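Student: This is the structure I have questions about; it appears just below.
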Amino acid sequence: MFIVNIMDYGASENAPDNTAAIQSAIDACANGGVVTIPAGVFTSGAISLNSSVTLRLEKGATLRGSADFRDYDQKRDDIGWGTGRPRSNWFDALINAVDAENIAVEGEGEIDGVDCNNPNGEEGFRGPHCIRFTRCKNIRVNGISIKRSANYALFFIHSDNIAVDNVTVRGGHDGVHAQRCRNMTLSGSDFRTGDDCVAGSDNENFTIRDSKFNTSCNGFRLGCMNLAVERCRFWGPGESPHLVSKRNNMLCAMVHFAPGDRNTLLPSGNWQVSDVEADCVARFYEANHRFERWQQGRPATTLSFERIKATNIEKPILLIGKPPRETRLRIKDSTIALREGVENLPVIDADCFEAIMLQNVVLEGNVNAPAIKAKDGGRIVMKDVKFSGSVETENIENVHDVLYIKTSMLIK
C-alpha cells in the first residue's frame with residue numbers, strides 16, 4: 001500500500017497555510033493510497049480527495065480549517081440537491097470529494113472547523129462544512145472527532161454505501177446531513193451538536209445503532225425509506241447552544257423531514273425503531289404534514305417503535321397527516337411519560353392517519369387530560385395498554401371501543 005506523510009510534501013505545524021502541501025500529498029496517490037497527518041496542528045483551506053485515497057489523522061493530529069472563508073471556494077457543481085438551488089458557497093468544505101469512490105477519512109485525530117464565519121453564508125454567518133462528498137460511493141469515516149464545524153460536520157449528497165463508525169462530533173451545526181443517499185450505516189458514534197444530529201431527505205436504507213445524540217435542535221430531522229434505529233440514546237438539554245436562537249432545549253428525538261423545495265421524491269416509511277431511550281426532549285416523534293413547512297413533501301407512512309423508554313417528554317407523539325391517510329403507527333413494549341408539570345396535552349395526538357396499534361404500552365400523562373387524542377383516522381387497536389386520563393376519539397372508522405376499555409387499565 002502506498003503511504004505518504006504530508007510533512008514529506010512540505011506541511012509544517014508552523015505554516016499558516018498547508019493547503020498546497022496536503023493537496024500535493026493527496027495527488028501523489030494518483031492510483032490510490034493513504035495520506036497521513038501526524039501528531040500536531042496543521043492549518044488548511046479546502047482539499048479534495050481522489051478515488052481510492054484514505055486520509056488518516058494519527059492520534060494527536062488536528063487538521064484545523066482556515067479561519068478565512070475565502071480559502072474554501074471550490075466552485076463545484078451541486079447536482080443532486082433537488083430543485084432547490086442553495087447559494088453557491090453552500091457547498092464549500094474543508095475536505096471534499098466529487099464523483100469519487102473507495103474513499104475514507106479515518107484515525108484517532110480530530111478536525112477543527114474553527115467556527116469559520118462567512119458573512120455571505122446562510123443566516124449571515126454559516127461557513128464551510130468539515131467534510132462534503134457529492135456523488136461518491138463506498139465511503140468510510142471512522143474514529144475521528146469533529147468540532148466547531150462552521151456548517152455540517154459530515155455532508156453527503158447523492159452518494160451510496162456510506163459507513164460512519166465511532167465518530168465524535170462536538171458543537172457546530174448538523175452532525176450528518178444526507179441528501180438523496182442510499183445504504184448508510186452510522187454506529188458507535190457520539191453527536192452533541194448545536195443543530196440537528198442527523199438530517200436530510202430522500203434517503204434509502206439507513207441503519208443507525210449504538211449511538212448517542214444530544215442537541216439544541218432535533219436528534220433526527222430525517223426523510224428516509226427503510227430506517228432501522230437500534231440501541232440509541234437521545235437526551236436534552238443540548239450541551240452546545242443553537243447558534244441562531246442561542247437556546248439549549250432539545251426539540252424532537254425524531255422528526256419527519258420532507259421539504260417541498262427539494263422536490264422530495266420518497267416518503268419516509270418502514271421505520272423500525274427499537275431499544276431506544278429518550279429523556280428531556282420536547283417531543284419523541286413528529287410528523288406534521290399540514291402545518292410544518294419542512295414537511296410539505298412526501299408523507300411519513302409506516303412507523304414501528306418497540307421497547308422505547310421516553311421520559312420527561314413535553315408533547316410526546318404528534319401525527320398530523322393530510323389526505324389520503326397513509327400513516328400507520330405501531331408501538332409495542334414501551335413506556336412514554338410526560339414531563340412533570342405538563343398539563344392538558346395528550347401523550348399521542350393524531351389527526352388524519354390510517355392506523356394506530358398499541359400493545360403492552362404505558363402512557364403516563366395527566367389524569368385530567370386525554371392520553372390519546374385522535375380524529376379522522378382509520379382504526380385504533382389497543383391491547384394491554386395502561387394510560388393516565390382518557391382516550392378521546394372523533395370520526396374514527398374502527399376504534400374497537402369495547403376492546404380497549406376491557407384490556408386497558410387506567411393509571412391513577
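Student: Sort the following peptides by mean Cβ neighbour count (other Cβ atoms within 10 Å, averaged over residues), highest first: 130-142, 234-246. Numbers along the way, then the final one.
Tutor: Details: 130-142: 22.5, 234-246: 17.6.
My ranking of the peptides, most packed first, is 130-142, 234-246.
Student: Right, here's the next one. Distance between the C-alpha centers of the range 335-404 and the range 231-269? Whole Å please.
Tutor: Each part's Cα centre sits 24 Å from the other's.
Student: Ranked by Cβ crowding within 10 angstrom, fewest neighbours first, how are 1, 184 ordered?
Tutor: Numbers: 1 7, 184 25.
The order, fewest Cβ neighbours first, is 1, 184.
Student: Using +1 on the beta carbon of Lys and Arg, -1 on that of Asp and Glu, and nothing else charged, what's the dipole of the chain about the Cα centre, debye to 20?
Tutor: Working: 47 positive and 53 negative charges, 167 e Å.
That gives the chain a dipole magnitude of about 800 debye.
Student: Please list 251-260, 340-349, 37-46, 191-200 highest first by mean number of surrounding beta-carbon atoms within 10 Å per residue.
Tutor: Order by mean packing, descending: 191-200, 251-260, 37-46, 340-349.
Student: Please list the radius of gyration and Dmax for the range 170-242, considering alpha-carbon atoms only, with Å as the unit.
Tutor: Looking at the range 170-242, its Cα Rg and Dmax stand at 11.4, 31 Å.
Student: Past the 25 Å Cα-Cα mark, which pairs from 147/212; 147/315; 315/383; 59/147; 246/322?
Tutor: Working: 147/212 16 Å; 147/315 31 Å; 315/383 23 Å; 59/147 16 Å; 246/322 33 Å.
Violating the 25 Å limit, Cα to Cα: 147/315; 246/322.
Student: Oh, and also: Once you have a ≥ b ≥ c as the square roots of the Cα gyration tensor eigenvalues for the range 243-294, tell me rounded if a/c is under 1.5, and otherwise prolate or oblate according to whether a/b is larger than b/c.
Tutor: oblate
Student: Please report, in Å, the Rg and the Dmax of the range 145-275, where both are computed over Cα atoms only.
Tutor: 13.3, 35
Student: With a ≥ b ≥ c the root eigenvalues of the C-alpha gyration tensor of the range 206-281, is it rounded (a/c under 1.5), prolate (a/b larger than b/c) or oblate?
Tutor: Oblate shape, in that a/c is at least 1.5 and b/c is the bigger or equal ratio.
Student: Note the listed values (1) 77, 41, 36; (2) 81, 43, 40; (3) 98, 91, 57, then indicate which one is Cα extents along the principal axes in Å calculated from this particular structure.
Tutor: (1)
Student: Helix-only mean residue ellipticity at 222 nm, the chain, DSSP H runs n ≥ 4 weighted -39,500 (n - 2.57), per residue, nearest 500. What is it?
Tutor: Values: 2 runs with 16 residues, N = 412.
Rounded to the nearest 500, it is -1000 deg cm²/dmol.
Student: Sorting check: for 112-123, 363-374, which peptide has the highest mean count of neighbouring beta carbons within 10 Å, and how do the rest follow?
Tutor: Details: 112-123: 17.6, 363-374: 20.7.
Highest mean packing first, the order is 363-374, 112-123.
Student: Right, here's the next one. If you take the square roots of the eigenvalues of the alpha-carbon gyration tensor of the range 4-160 and sort them as a ≥ b ≥ c, do you get rounded (a/c under 1.5), prolate (a/b over b/c) or oblate? List each step's numbers first, then the result.
Tutor: On the way: a/c = 1.75, a/b = 1.23, b/c = 1.43.
Oblate is the answer for the range 4-160, as a/c is 1.5 or above yet b/c matches or exceeds a/b.
Student: To continue, here is another question. Can you tell which of 194, 235, 48 lies farthest toward the positive end of the dipole of the chain, using +1 and -1 charges on the Cβ of basic and acidic side chains (Lys, Arg; Asp, Glu)?
Tutor: Of the listed residues, the answer is 235.
Student: On to the next question. Using only alpha carbon pairs under 8 Å that are at least six residues apart, calculate the relative contact order of the chain and give it in whole percent. If you can, show how the numbers build up before the last one.
Tutor: Details: 1407 pairs, mean separation 30.0, N = 412.
Across the chain, relative contact order equals 7 percent.
Student: Could I ask something else about it? Estimate the FRET efficiency between residue 383 and residue 272 by the formula 1/(1 + (r/R0)^6), using the beta-carbon distance for r and 25 Å for R0, to the nearest 0.05. Don't skip to the answer; put the middle values down first.
Tutor: Values: r = 20 Å, r/R0 = 0.80.
The formula returns an efficiency of 0.80 here.
Throughout, read-outs are computed from the coordinates displayed, never taken from laboratory work. Nothing here was measured: the structure is a model prediction, and the numbers come from that model. Using ideal geometry, Cβ is built from the backbone for each residue, glycine included, and neighbour counts are taken over all protein chains shown.
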